Structures are given as structure tokens and as C-alpha cells.
1. Scanning the stretch 519-530 for residues that are part of a strand (DSSP E or B) and farther than 16 Å from Asn64 by Cβ, which turns out least open to solvent (accessible area, probe 1.4 Å)?
2. Which members of the stretch 447-474 meet the condition of being open to solvent by less than 10 Å² (accessible area, probe 1.4 Å), assigned to a helix (DSSP H, G or I), within 30 Å of Ala52 (Cβ to Cβ) and not basic (Lys, Arg)?
3. What's the total number of residues in the stretch 422-446 that are surrounded by 23 or more Cβ atoms within 10 Å (Cβ to Cβ) and assigned to a helix (DSSP H, G or I)?
4. Would you confirm, using the coordinates I've provided, whether Tyr32 is at pLDDT 95 or above, surrounded by 13 or more Cβ atoms within 10 Å (Cβ to Cβ) and over 30 Å from Val198 (Cα atoms)?
5. In this structure, does Thr189 turn out to be touching a Leu at 6+ places or on another chain (Cβ under 6 Å), in contact (Cβ under 8 Å) with a residue 24 or more places away in the chain and not hydrophobic (A, V, I, L, M, F, W, C)?
6. List the number of the failed condition for Asn174; all other conditions in (1) of a type in the set (S, T, N, Q); (2) surrounded by 15 or more Cβ atoms within 10 Å (Cβ to Cβ); (3) farther than 19 Å from Leu205 by Cα; (4) over 20 Å from the mean Cα position of the chain (by Cα) hold.
7. Which of the residues belonging to the stretch 498-513 are open to solvent by 50 Å² or more (accessible area, probe 1.4 Å) and assigned to a strand (DSSP E or B)?
8. If I go through the stretch 76-95 residue by residue, how many of them are more than 17 Å from Leu524 (Cβ to Cβ) and open to solvent by less than 10 Å² (accessible area, probe 1.4 Å)?
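The values are calculated or read from the model by the stated rules, or taken from the named source; none is laboratory data. Keep in mind it's a predicted model, so treat the numbers as computed, not measured. Here Cβ is always computed from backbone atoms with ideal geometry, including for glycine, and neighbour counts include all displayed protein chains. Accessible surface is based on the protein model in full, side chains and every heavy atom, while ligands, DNA and RNA are left aside. Shrake-Rupley method; radii C 1.70, N 1.55, O 1.52, S 1.80 Å.
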Amino acid sequence: MKNSFIFLLLVLITSCRTPVVYDLVLKNGKIYDGTGETSYTGDIGIISDSIAIIAEANTLKGLNVQDLNGLAVAPGFINMLSWANVSLLEDGRSQSDIRQGVTLEVLGEGRSMGPLNPEMKKAMQENQGDIKYDVTWTSLGEYLQYLEDKGVSTNVASFVGNGTLRQHVIGFENRPATDAEIDAMKVLTKQAMEEGAVGISSSLLYAPSMYANTSELIELAKVAGESNGMYISHIRDEGDELLESIDELIQISKEADLPAEVYHLKASSKSNWGKLDAAIKKIDSARNLGMAITADIYTYNASSTGLHVQLPDWVRDGGIAAMLERLDDPANREKAINELVFRNSPETILLVGFRSETLRKYGGKYLTEVAQEWGKNPSETLVDLIIQDGSRIQVVYFSMSEENIKKKMALPWVSYCSDAGSYTNEGVFIKQSTHPRSYGSFIRVLGKFSRDEGVISLEEGIRKLTSLPAKNLKLKRRGRLHAGYYADIVVFDPKRVNDRATFTEPHQYAEGVHHVFVNGKQVLKDGEHTGETPGRFVKGPGFIE
């Protein structure tokens, strides 16, 4: 990549004397450069993997010329929270995201694909679902390089998860880490940052990430900060203790002296919707003091996670395997049913993902519908579903306010994510239902919220999909249409972009994206995947060769 950049500079210097014929010219496009500035019509000349020049319309010559006839051209979009880490092992084309214009998947919400010890590798191998793969890597950097070598259409980057670090050093024990254990996790954090992780993440609703106290998180975040990385978190509570949880993130950012981001910022459950304004005020106040606090969101009023989060804390202690073993005891089952207090109303819980083939007939049904069919109350149904499936069961929670979604969409420091895998709408992927955000979270920024509802301008929406997350992640030569930047480019029709995925029929591709280029290679042409896999392991600012 260094050689290609040097070559590009030489071409730009000599172009002052000799007319250049570019490898590819995107001609006569309406250019949205990712900065939020007003769009303009022009040509883009590409040499190898990079943008060589942006010029007046109809002025460049190329070996390959594509006339865009006024279609919108933007930098490739960045998915700030992707769960494509396993789906890319099955199918590297990343179709549900590529067809929305996504060119970078950022992985690692609290859990990452490394570093692994032998026990973790064994568990990862044994606990696979429909997608089967060999765990041939140990470190996070090795996993990301494995993806690049295997072939993926999108670029990939990752945070290192504090839950993974804790499992590596402590396992699933619910206790404070000792000084020696913190030191061991700091060594692993430094290794991951030097391998190219973009920062450290936590997911404090889930074991074992949730067992880390604030001081432990500060110590690990300091290591990430020394490598110029960031701290990003699924905060401890997105409902009743939302404000206290944001306070903790701000404290970690301040004491560790590094930027911090809130994963999928929300006020969950109707009784908490009114807290969003106070949450925004807290973040704005920190930013006004010079702190780099940001957030990302998905563009739906429903979240998706495990059904098991409704269970009392003592049931979930020690992770999924310990939970299932605990519930095998009839006395514990009865106690769990009696003590269960729903965080989300049963009628708002949509079942979407089962391990058991037998139970998959309930995919797309609400918990209350299954309870009625079984002749049980919702609490008993919930516990028995988890026991019978032998998993946490993936569900969708309709827990957020549409008005709050619009408020968050308009915030200048909010970028976007899917919080989902990237799928092909056939084969192994359609054995399960999923959240429609897998297929529509980004295209809704351009269609529903910009064009249809006018919540943000198209220029601002594109900025928040591109240069904002690239800047937050400190990525070099990504996130803008600019000479010298990598040619990660999306071409779309602003009048036609639309999400088609629904909660009942989620496996439907978005429409309106015509072409996508990743590192100068065309991966989507006239709306169809080309089969190209030019995606790279995008390394964070602490990377050491």
C-alpha cells in the first residue's frame, strides 16, 4: 500500500506535464465528498487503489470510464458496530451491507475474535451455530488478517473487547480483577493495539464484560489511549440507570485521557424515553469541556439481543453455559420464573433466532403468542424456551421512541451502525429470522430520514456515515472523497434509495445503490455483486509493523 501511494504522488507530479489516462474515471457524478459541504458535479480519476484527482465534469480520460449521469457519489459508508465477524467467514461478499454502500465493517462490541487461549478456541469451535468454521487464529490481528487473506468485499477493523480479555485471564468469575490480572489484561490490550485494533470496547450488560468495575476499565483504556485508540461501550444500563451509565463512560474517558463513544445510544423502555434529553445534555456538556465523547445509533426503534437478559442477575451469572446448567435444576427454574421482572413488556418481544430446528417455527412470533399456544404465562414460557433451545435466544425488543430516533439522527456527533451481521439472502443465512437493520440501517439515513422526512440534509447524513466515524477512529486516508484517499466509493440514486427489509420479512436487500468500489475495485455494478473481494484489514493508529 505504501508503494501504491508513492506511485500515486509521482503520477500527480508528472500530470502537470503529461495528460494522464486513469485506470478508472467516474464521470459526471454529483459529488458528496463526506465533509458535509455542498455537493457539486465532477469527475473522479482513480489509479490502482486510490483517488488520484477530482476534477471538473467531463474532463478526465480513463482506460475504463463509467458515466454516472448525475448520480450521487460519496465515500464508502462505515458501520461502527458490525457483527459480521462470523458471517464473513461463511460468505465474504458482505452483501446486505455492500448493497447499502458500506465499505468498512468495524467489529468487536465487548467481545472480539481474539486474543484467544486454548480453552476459548475450543469453546468457539464447539459452540458454533449454523455457520461452521475452523479457528485457525489466536490473536485479534491474526483473525483480521485471516479475513483479508480469505477474501472479503468490505474492509474490516476491530476493537479488542474487554469481555474477551477478561475471559482470557479470569474466565467468567464474577469478581474484581486482581492487580496481577489487570496487568495481564493490559499486556494483551497493548498487543492488540500494536496489531492494529482501533481501541478497546466493553459490553457491560453481558458476562463477563459486566464484571469489570470502573477502575479496571480505566486501566485498560489507558493502554488503548497510549496507542491513540478510543474507548467504546455498550454502557451498563440503557434504561433506568441510563444517566449514571453515561457518567461512567465520561469518567473513564476523562481519567484514561482518551476519546469515548456510546454504542447504539438509546433510552430503552417507555418509562425512560424522557431521559434521552438529559443524556444528550450530559454528552454535550462533556464535549463543551473539550472531551471527545461521541455516539452511534441504528436507525430503528427496536433493539435486538438475547431473551436471557430478562432473567434475574443470579441466573445469568457466569455466562450462558453456567446459566443453562443452573436452569436444569427444577428448583432454580421455578425460582427464576417467580422472580422474573420483565424489562420489556412480553407483547413487545419478537422471537427471531433459535439454535433448535424444532423451535424455529416460532421465529417471527411474539413471546405472548407462544405463551398462549403453550398455555403458560409469559415468565414460564420465557424460561422454558431458553431451557429447550439451550441458548440465549435472539429476540427483537420494541423499546424505543420514534421521536427519540429523530432527535439522535440530527445530533452532529452521532454516526451509524447496524449492530448486526452482514448476510446474503439465501442459504444458511435464511434459516433464521433477523432484525431488518441487517439490511437497512444505513440506507434509511439517505432515504427515510433525509429525503422523506427531512430530519437531516443528505450532505450531513453522508458526513455522519463517512468522515465522522473515520475521524473518530483516526483512520488514515478513509472517509472522504479526496485526492490521495483510498477509493472506497458508493454511487447511488437519492430518489430511489429505500430499505425493503421488515420485521416479518427481514431478508430483503436495500435498493437504489448502483455501484460500490472498495480500494479501487468494483464490488457492486448496476446493483449486482461482482464477486470481487478487495477488502483489507484496516489498522488502527497504534499499529506497529
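1. Only one residue tops the list, namely His529.
2. Gly461, Ile462, Leu465, Pro469, Ala470, Leu473
3. Quick first cut of the stretch 422-446, residues surrounded by 23 or more Cβ atoms within 10 Å (Cβ to Cβ) only: 422-423, 433-446.
With the extra rule that they be assigned to a helix (DSSP H, G or I), the set shrinks to 437-440, 443-446.
So the count comes out to 8.
4. Criteria not met by Tyr32.
5. For Thr189, the condition - touching a Leu at 6+ places or on another chain (Cβ under 6 Å), in contact (Cβ under 8 Å) with a residue 24 or more places away in the chain and not hydrophobic (A, V, I, L, M, F, W, C) - is met.
6. (3)
7. Asn498, Glu511
8. Within the stretch 76-95, residues that are more than 17 Å from Leu524 (Cβ to Cβ) and open to solvent by less than 10 Å² (accessible area, probe 1.4 Å) number 4.
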